[in-house]
Amino acid sequence: MKCQIKVKTSLNPTEDVDKVIKSLINVFDCDQLEISEDYILATGNENSLLKFKDELEKKRIRNTVHQILIRGAHDQVIFFKLNKQAAYAGVINFTDEKLSPLGEIDVKIETENVEQFINWLAPQQK
């Protein structure tokens with residue numbers, strides 16, 4: 001299932017860069033990392049999502065995630081947000097709004113067939 005993924009989060013002056021990077025790599029295996037003064041951007045492809053996909057299966061939250069991904073799908077792009085502090089602890093926690101003073105992790109996935117991609121990443125369980 002081909003895709004391009006961009007994972008971006010703010011880098012606040014009070015945050016440790018290594019801890020913010022850990023938040024990203026706990027959830028995604030991205031190919032490249034860009035660090036600026038106020039954000040970190042990680043990019044990759046479908047292989048970057050394998051850890052994420054496995055965690056969805058282990059936690060048995062694929063049905064819920066399937067619905068979240070559908071809500072965040074527009075044309076050939078899927079958007080969603082993850083809680084940065086939860087990701088630091090290795091936990092996938094979706095958020096719809098800005099709840100954390102440290103900010104969220106913004107995830108953008110571009111793929112040719114959104115429906116097929118969502119069914120691959122978070123197939124519905126019966």
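What follows draws every value from the coordinates through simple rules; no lab data is involved. Note that the structure is a prediction, hence the values are computed from the model and not measured. Cβ coordinates were reconstructed from backbone atoms using ideal geometry, including for glycine residues, and neighbour counts include every protein chain displayed.
The label point for N47 and the one for E112, both projected 7 Å from the Cα toward the Cβ, are 2.0 nm apart. Remark: the Cα gyration tensor places segment 38-82 in the oblate category, a/c being 1.5 or greater and a/b not exceeding b/c.
For the chain, the relative contact order works out to 33 percent when only alpha carbon pairs closer than 8 Å and six or more residues apart are counted. Close amide H partners of Y39, meaning residues 5 or more places away or on another chain with modelled amide H under 5 Å apart, are L11. Descending by average beta-carbon neighbour count within 10 Å, the peptides 110-118, 29-37 line up as 110-118, 29-37, the highest first. Bridgeable lysines around K19 (alpha carbons under 17 Å apart, same-chain partners fewer than 8 residues away excluded): K8, K84.
Specify which labelled value, from (i) 1.07; (ii) 1.00; (iii) 1.17, agrees with Cα Rg over 2.2 N^0.38 Å derived from the coordinates of the model shown. Checked against the structure: label (ii).
When you filter the trypsin sites (Lys or Arg not before Pro) in segment 26-98 for DSSP loop state and at most 12 other Cβ atoms inside 10 Å of their Cβ, you are left with R60, K98. For segment 7-14, putting each phi into the Karplus relation 6.51 cos²θ - 1.76 cosθ + 1.60 with θ = phi - 60° gives couplings of 10, 10, 9, 6, 10, 7, x, 8 Hz, in residue order, rounded to whole numbers and with x for Gly and Pro.
Sites listed here are GluC sites (Glu not before Pro) in segment 40-102 whose DSSP assignment is loop and whose Cβ has at most 15 other Cβ atoms within 10 Å: E97.
Go ahead and estimate [θ] at 222 nm for the chain from helices alone: -39,500 (n - 2.57) per DSSP H run with n ≥ 4, summed, over the residue count, rounded to 500. Before the final figure, lay out the partial values.
Working: 5 runs with 42 residues, N = 126.
Taken over the chain, the calculation gives -9000 deg cm²/dmol.
With θ taken as phi - 60° and the Karplus curve 6.51 cos²θ - 1.76 cosθ + 1.60 applied, the whole-hertz 3J(HN,Hα) list for segment 22-33 is 4, 4, 6, 6, 5, 10, 10, 9, 7, 7, 10, 10 Hz, x standing for glycine and proline. In summary, the aspartates and glutamates within cross-link reach of K2, defined as a Cα separation below 16 angstrom excluding same-chain residues under 8 places away, comprise D29, D31, E46, D75, E110, E112, E115.
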